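Student: Structure below; questions to follow.
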Amino acid sequence: MSLLSRASGRTLGRVPGRGRVNTRRPVRFTFDGRSFEGFEGDTLASALLANGVHLMGRSFKYHRPRGPISAGSDEPNAVVAVGSGPALQTPNLVATQVEVYDGLTAQSQNRFPCLQFDMGAVNNLASPLIPSGFYYKTFMWPRNFWTKVYEPIIRRSAGLGVAPTAPDPDHYAFQYTFCDVLVAGGGPAGLAAALTAAKAGAEVMLADETAEFGGSLLFDRASRIDGLPASEWVERTVAELKKLPNVRMFTRTTVFNYGPHNMVALNERLTDHLSAPNPATPRERLWQVRAKQVVIASGAIERPLVFEGNDRPGVMLASAAQTYLNRYGVACGRRAVIATADDSAYRVALDLLEAGVKIAAIVDIRPKPDSELFRKAKAAGITVLTNSTVQRAHGSQRIHSVELAPVLPGGDVGEGKNHRCDLLLMAGGWTPSLHLFSQSKGKVVYNAELDTYLPGESAQAERSTGSCRGLYDLGEVLADGLKAGVAAAKDAGFEGEVDLPLWEVTSDAIGRGGFTGALPRRGKGLTAMAFVDYQNDVTAKDVKLAVREGFRSIEHIKRYTTTGMATDQGKTSNLNALGIASSALGRPKQQIGLTTFRAPYTPVTFGAFSGHERGDLFDPDRRTPIDPWARSKGAVFEDVSLWRRARYFPQPGEDMDAAVARECLAVRKSVGIFDATTLGKIEVVGPDAAEFMNRMYVNGWTKLGVGKCRYGLMCRENGFVYDDGVVGRIAKDRFHVTTTTGGAAGVLNMMEDYLQTEWQDLNVWLTSTSEEWAVIAVQGPKAREVLAPLVDGLDISHATMPHMSVVEGTIGGIPMRLFRVSFSGELGFEVNVPPSRALEVWERIWEAGKPYDMTPYGTETMHVLRAEKGYIIVGQETDGTATPADAGCGWAVSKLKKDFVGKRSLALPAMQDPDRYQLVGLYTEAPQEVLEEGAQLVASPNEVIPMNKIGHVTSSYHSATLGRSIALAMVSGGRARMGQTLYVPMEDKVIPVTVTSPVFYDAEGARLNV
Amino acid sequence: MLLIRCPYCGERAEVEFSNGGEAHIDRPRDPMSLTDEEWAQFLYMRDNPKGLIAERWRHAHGCNRFFNAIRDTRTDRFVVTYEIGQPRPEVTPEQAAEAAR
């Protein structure tokens, strides 16, 4: 009597009493808008199959109707989108992994207008015209049609799902962790290994990509372990592991990448299976695990057989049908034909028969299969055709019959006969899952006896166990897992004796079997649609075509045909492609080799990789203590390296140009206040501090008096300007060094490098003090009048404190280093105070400045003021190829020192070349014309393209002070060109400019020395 | 991600370090006495071996100290790390074979 529920049943394929789904918890979901019922514990695929739905997708290139062939992460066909809307729809998930919940919405992909009637299917009729390489060969002409016409059309008609377009509302987490033994895979071998490794005392992590531990045992009804049915043994073992405090267990967690030095990445999916997840729970968590030892227990994947129509809905792997029946309680058809090259399919036949599925025939490619299972099947009355093959599966959106034919002596195929069926199962043998082993850089080795590749010598601290290393007998697998766990723990330093459990195992005896390549066919025609790589629509004839067109390396064949390159990473296709290539090339498989397995093992969302690093956390701002004040004054900000800096302070109605002009004039006329906190600062201290400075900087430091400052210029060893900044000598053995905002870390690094690795004779300490000092610049003719009353009795008169001097004191009781320096060309001070007190000091200065109409200014005004004075900005005027002399700073280079970093390079002949680019000023003929920074300079406006470039504009502004535009430029032999007219060719015009001194304002420096 | 043994701090993840190029290239004591050719050799010429290289590393996000390491460029396996100033250690054939594995 059939156990299959008939018309009365809510779902066609559900088998009462079978499976691990919770039949007391029905859930409703939609697929392509139609509502279906499933049970808690179902995958989308199992629930649809239970409803008699096999058609779940359209193929990539030919738009052929497709159903699931597998029940796990190796699924190439049943690719769907889950969720809806521009933010929430996740494309390219496999229905065999998506767990159903109440309210799930899923859509099929790559079809228009609908799955049952897809216009793109005309590609299928045209398939003889579009073999591998078709796009490369056909759409090459005319050249510009590729990007504009062909590619967009091809992309729309081929391809997978649609990427979401709106920001992802979910959040993702990231975590580093360590363990002694990481076990990848929670099947029988993985469970056994985790158990013994944990009992040896190791910290164990055990991860499985599915919702439950157990692997193959969850669909194995035949085996008994330690007197228990396999699934009950799983429950007992999982419960035992859960009690151990040194075991962390992860389901729905894929070990997807095996990196160098045993760094392994796991992706844990926390909420995708829930209908109402806690919003505080991240959707996914990416784990980066540094494991002392890794046990790979990734199992084996059943191989499809390659024959015409092997992609039709209703054709699936035998183990998949067994999984749907025993794990999900779903019969995938009513009348099955089983095509096999392996003994395990006979057990599937017996399981299906017991559940009421008719077995029309088993067709075995092997001439003389003989095993206990074979005899059991015969005894059960199943028709077994040996030494026979599948010629073709008939049916479009679901198969209705299959042609079976005998293999004749000599390898040809005889007349076939059609057998009615709605389910055709394929059992091509097992492919050990080598992805993680291969990612760990281990070399795979061909095993002739098993006709497959197995893990070779380990390249890292890992070992493979169970069927991923070619063991298929359950007793052997469990024993191997136990041993692997003990050995891994031992190698991780846990040497204690472990009592190995003595499990008695009874299971089917599985003999040798398996087939790789394409099944034999009648005749030699190449027209059949026999698929090797389902997801990329690669057929057996495509692989043969690649060989015929001259491709010899398997890596080239892979790229030409795209076999194994889809999101399933060739899990079901690699060995068959290899088999076909091997026979087409007439070379044995071991001489051809496998293509490299790439991470990730299965697709990982971008969300998991970005983790918390999005939005404000993507690139956090560094903010100065003055930032809130600037915001309260309506400052416009800009990013300078990591810092957020006030660019200008617009008053109502002002644009940037107007604000900057006002700010500039205010500084020149009275006084301005500027936040210079972002300057890099380094404290150089020690008995040899001056000698160290002598060696690092081009300037001389020995004679710099305490309390004095000097403009310091630093080169790399190659003689090119690296950084600059004012340096104050605080004491004989103590320098307060400033650097550019962006250069602080690099300068300290370079100093440390020389100090630690070259000049260990020097007694010097370096400390980054960038975060210890906030800097308030007060610049302008009234600067002294503003500050003098605030600095607690310090004499800051010109006589006592001239330009380029530094003094320590207090400001309102707060410790201060006061520098008299200027980057504006005006009388100026820089007040250095601890950041915690900086805002308070700033506000005090601001109050004191009110009678002088003190004006806050930003980086834009700072730039204009310094350009008017011809002060360079490293990285703007210089570009890593400018010497100090090129940048107009030759005066800073000490002639007396025997050596400093860069000195020898500056003596090279190329550095003396009079045609080197040199810093000059430029005046446009039209005073209001502002050049574009980066614009090129040429000698003649009549040059033909390509013109001979002789320089470029580095800085360009409108100067309110001068009432005209100014520019700085690096020009070949520039200093010898004073007064010359050069030209700036632009798209729509040519702008004549006159070469002039780079100092546009107060050339004699009178305004500094007051 | 590589695991690198800082001689001062122990094993740390690669993200804490920055690579400082080839090791054991001493800055000449008196650069001005060198010919242009000799100076260019010091400044620009570096080995690019397929195999063992002695190179400088800095524990940038740790103790901030430089140290030297011998690494196989083909496998990224480290043979040894050692302090600045120490001579390049001898690598036994067994060590080299292990690093190349």
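Only the coordinates and a few stated rules stand behind these numbers; no lab work does. Bear in mind that the values here come from a model prediction, so they are computed numbers and not experimental data. Neighbour counts run over all protein chains shown; Cβ positions are idealised from the backbone, glycine included.
Student: What is the average number of partner chain Cβ atoms found within 10 Å of a Cβ in B:36-44?
Tutor: For peptide B:36-44, the averaged partner shielding equals 3.
Student: Partner chain Cβ atoms within 10 Å, averaged over the residues of A:902-908 - can you pull that number for me?
Tutor: 4
Student: Can you give the charge dipole size of chain B about its Cα centre, rounded to the nearest 20 debye, using +1 on the beta carbon of Lys and Arg and -1 on the beta carbon of Asp and Glu?
Tutor: So the magnitude is around 320 debye.
Student: Which net charge results when you count Lys and Arg as +1 and Asp and Glu as -1 among the other residues whose beta-carbon is under 11 Å from that of A:VAL407?
Tutor: Local net charge: +1.
Student: For A:ASN278 paired with A:GLN591, estimate the spin-label separation in nm (one decimal), with each label point 7 Å from Cα along the Cα-to-Cβ line.
Tutor: Result: 6.1 nm between the two label points.
Student: Given labels modelled 7 Å from the Cα in the Cβ direction, how far is it in nm from A:ASP988 to A:ARG334?
Tutor: With each label placed 7 Å out from Cα toward Cβ, I get 7.7 nm.
Student: With unit charges on the beta carbon (Lys/Arg positive, Asp/Glu negative), name the residue among A:ASN576, A:GLY615, A:LEU642 whose Cα is farthest towards the positive pole of the charge dipole of the range A:563-695.
Tutor: Toward the positive end, the furthest listed residue is A:ASN576.
Student: Taking H as built 1.01 Å from N, whose amide H comes closer than 5 Å to the amide H of A:ILE338, not counting residues under 5 places away?
Tutor: A:ALA361, A:ILE362, A:VAL363, A:LEU425
Student: Write out the trypsin sites (Lys or Arg not before Pro) in the range A:707-740 meeting two conditions: DSSP loop, and at most 11 other Cβ atoms within 10 Å of their Cβ.
Tutor: A:LYS732
Student: Which residues' amide hydrogens lie under 5 Å from the amide hydrogen of A:ARG366, considering only partners 5 or more residues apart or on another chain, with H built in the peptide plane?
Tutor: Amide H neighbours of A:ARG366, under 5 Å, 5+ apart: A:ASN387, A:SER388.
Student: So, one more: Where does the range A:734-810 land on Rg/Rh, using Cα atoms and the Kirkwood Rh?
Tutor: For the range A:734-810, the value is 1.09.
Student: Also: Output wanted: per-residue J couplings in Hz (rounded whole) for the range A:336-344, from phi through Karplus 6.51 cos²θ - 1.76 cosθ + 1.60, θ = phi - 60°, x for Gly and Pro.
Tutor: Here the 3J(HN,Hα) series is 10, 10, 10, 9, 9, 10, 8, 5, 4 Hz.
Student: At a 10 angstrom cut-off on C-beta neighbours, averaged per residue, how do the peptides A:688-695, B:12-19 rank from highest to lowest?
Tutor: Sorting A:688-695, B:12-19 by mean packing, highest first, produces A:688-695, B:12-19.
Student: Taking square-rooted eigenvalues a ≥ b ≥ c of the alpha carbon gyration tensor, is the range A:535-578 rounded, prolate or oblate, where a/c under 1.5 means rounded and, failing that, a/b exceeding b/c means prolate?
Tutor: prolate
Student: Still on this structure: Starting from 0 in steps of 5 Å, tell me what percent of the Cα-Cα pairs of the range A:343-494 lands in each bin.
Tutor: 2, 8, 13, 14, 15, 12, 11, 10, 8, 4, 2, 1, 0
Student: Here's something else I'd like to know. Dividing the alpha-carbon Rg of chain A by 2.2 N^0.38 Å yields what?
Tutor: 1.25
Student: Now for a different question. Provide the net charge surrounding A:SER73, with neighbours chosen by a C-beta distance below 10 Å and charges set as Lys +1, Arg +1, Asp -1, Glu -1.
Tutor: -3
Student: Can you work out the Karplus-derived ³J(HN,Hα) for every residue in the range A:242-250? Use 6.51 cos²θ - 1.76 cosθ + 1.60 with θ = phi - 60°, whole Hz, and x for glycine or proline.
Tutor: Going residue by residue, I get 5, 6, 7, x, 9, 10, 10, 10, 10 Hz, with x marking Gly and Pro.
Student: Considering only the other residues whose Cβ falls under 12 Å of the Cβ of A:GLU843, what net charge follows from Lys and Arg at +1 and Asp and Glu at -1?
Tutor: +2
Student: Taking the dipole about the Cα centre of the protein assembly as shown, with the C-beta of Lys and Arg at +1 and of Asp and Glu at -1, give me whichever of A:GLY979, A:ALA78, A:TYR62 is farthest to the positive side.
Tutor: A:TYR62
Student: Quick check on the exposure proxy: order A:MET316, A:MET911, A:MET529, A:MET986 from fewest to most C-beta atoms within 10 angstrom.
Tutor: By the 10 Å Cβ count, ascending, the order reads A:MET986, A:MET911, A:MET529, A:MET316.
Student: Counting helices only, and only those DSSP H runs with n ≥ 4, report the 222 nm mean residue ellipticity of chain B as the sum of -39,500 (n - 2.57) divided by its residues, in deg cm²/dmol to the nearest 500.
Tutor: Mean residue ellipticity, 222 nm, calculated: -4500 deg cm²/dmol.
Student: Based on the alpha carbons, how large is the Rg to Rh ratio for the range A:1-120 when Rh follows Kirkwood?
Tutor: Rg/Rh: 0.98.
Student: How many angstrom lie between the Cα centre of the range A:870-934 and the Cα centre of the range A:13-57?
Tutor: 74
Student: Okay, moving on. What list of ³J(HN,Hα) values in whole Hz, one per residue of the range A:604-612 in order, does the Karplus curve 6.51 cos²θ - 1.76 cosθ + 1.60 (θ = phi - 60°) give from phi, with Gly and Pro shown as x?
Tutor: Karplus values, whole Hz, x for Gly and Pro: 10, 5, 4, x, 5, 6, 7, x, 7.
Student: Taking amide H positions as placed in the peptide plane 1.01 Å from N, state which residues far from A:GLU40 in sequence (5 or more) or on other chains have amide H under 5 Å from it.
Tutor: Amide H to amide H, under 5 Å and 5 or more residues apart or across chains, A:GLU40 pairs with A:ASN22, A:ARG25, A:VAL27.
Student: Determine the relative contact order of chain B: mean sequence separation of Cα pairs under 8 Å and six or more apart, normalised by residue count, in whole percent.
Tutor: Relative CO of chain B lands at 25 percent.
Student: For each of A:ARG221, A:ARG312, count neighbouring Cβ atoms within 10 Å of the residue's Cβ, then give the residues from fewest to most.
Tutor: A:ARG221, A:ARG312
Student: Shifting gears a bit: Where the centre of each part is set by its Cα atoms, how far does the range A:676-729 sit from the range A:423-448, in angstrom?
Tutor: Going from one Cα centre to the other spans 63 Å.
Student: Among B:TRP39, A:TRP287, which comes first, second and so on when ranked by fewest other beta-carbon atoms within 10 Å?
Tutor: Taking fewest neighbouring Cβ atoms as first place, the list is B:TRP39, A:TRP287.
Student: Considering all alpha-carbon pairs of the range A:304-428, what whole percent are spaced by more than 16 angstrom?
Tutor: Result: 56 percent of Cα pairs exceed 16 Å.
Student: If I take R0 = 45 Å and measure r between the Cβ atoms of A:GLU504 and A:ALA448 in this structure, what FRET efficiency does the formula 1/(1 + (r/R0)^6) give, to the nearest 0.05?
Tutor: Computed FRET efficiency for A:GLU504 and A:ALA448 comes out at 0.85.
Student: Kindly identify the range A:679-771 as rounded, prolate or oblate by the Cα gyration tensor criterion: order the square roots of the eigenvalues as a ≥ b ≥ c, call it rounded if a/c is under 1.5, otherwise compare a/b with b/c, prolate if a/b is larger, else oblate.
Tutor: It comes out rounded by the Cα gyration axes.
Student: Next question. Specify the inter-centroid distance of the range A:579-655 and the range A:355-398, based on alpha-carbon positions, in whole Å.
Tutor: 54
Student: Then there's this: Quick one: grab the alpha carbon gyration tensor of the range A:622-722, order the square roots of its eigenvalues as a ≥ b ≥ c, and give me rounded if a/c is under 1.5, else prolate or oblate depending on whether a/b is larger than b/c.
Tutor: Prolate is the answer for the range A:622-722, as a/c is 1.5 or above and a/b outweighs b/c.
Student: For chain A, what does the helix formula give at 222 nm: sum of -39500 (n - 2.57) over DSSP H segments with n ≥ 4, over the residue count, nearest 500 deg cm²/dmol?
Tutor: -6000 deg cm²/dmol
Student: Just going by the charge dipole of chain A, with Lys and Arg at +1 and Asp and Glu at -1 on Cβ, which of A:ASN1009, A:GLY653, A:HIS171 is farthest out on the positive end?
Tutor: Selected residue: A:HIS171.
Student: With an 8 Å Cα cut-off and a minimum separation of 6 or more residues, compute the relative contact order for chain A in percent.
Tutor: Dividing the mean separation by the residue count of chain A yields 9 percent.
Student: Here is a follow-up. Taking the highest mean first, how do the peptides B:3-9, A:861-867, A:615-621 order by number of other beta carbon atoms within 10 angstrom per residue?
Tutor: Highest-to-lowest ranking by the protection proxy: A:861-867, B:3-9, A:615-621.
Student: Let me ask another. Please sort by residue number the trypsin sites (Lys or Arg not before Pro) in the range A:912-992 whose DSSP state is loop and whose Cβ has at most 12 other Cβ atoms within 10 Å.
Tutor: Counting only loop positions with at most 12 other Cβ atoms within 10 Å, the trypsin sites (Lys or Arg not before Pro) in the range A:912-992 are A:LYS989.
Student: Pull out the extension gain between A:LYS732 and A:GLN980, defined as 0.36 nm times the separation in residues minus the alpha carbon to alpha carbon distance; nm, one decimal.
Tutor: Contour length minus Cα-Cα distance gives 84.5 nm.
Student: How far apart, in nanometres, would the label points at A:ASN942 and B:GLU37 be if each is projected 7 angstrom from Cα along the Cα-to-Cβ direction?
Tutor: Once both label points are built, they end up 4.7 nm from each other.
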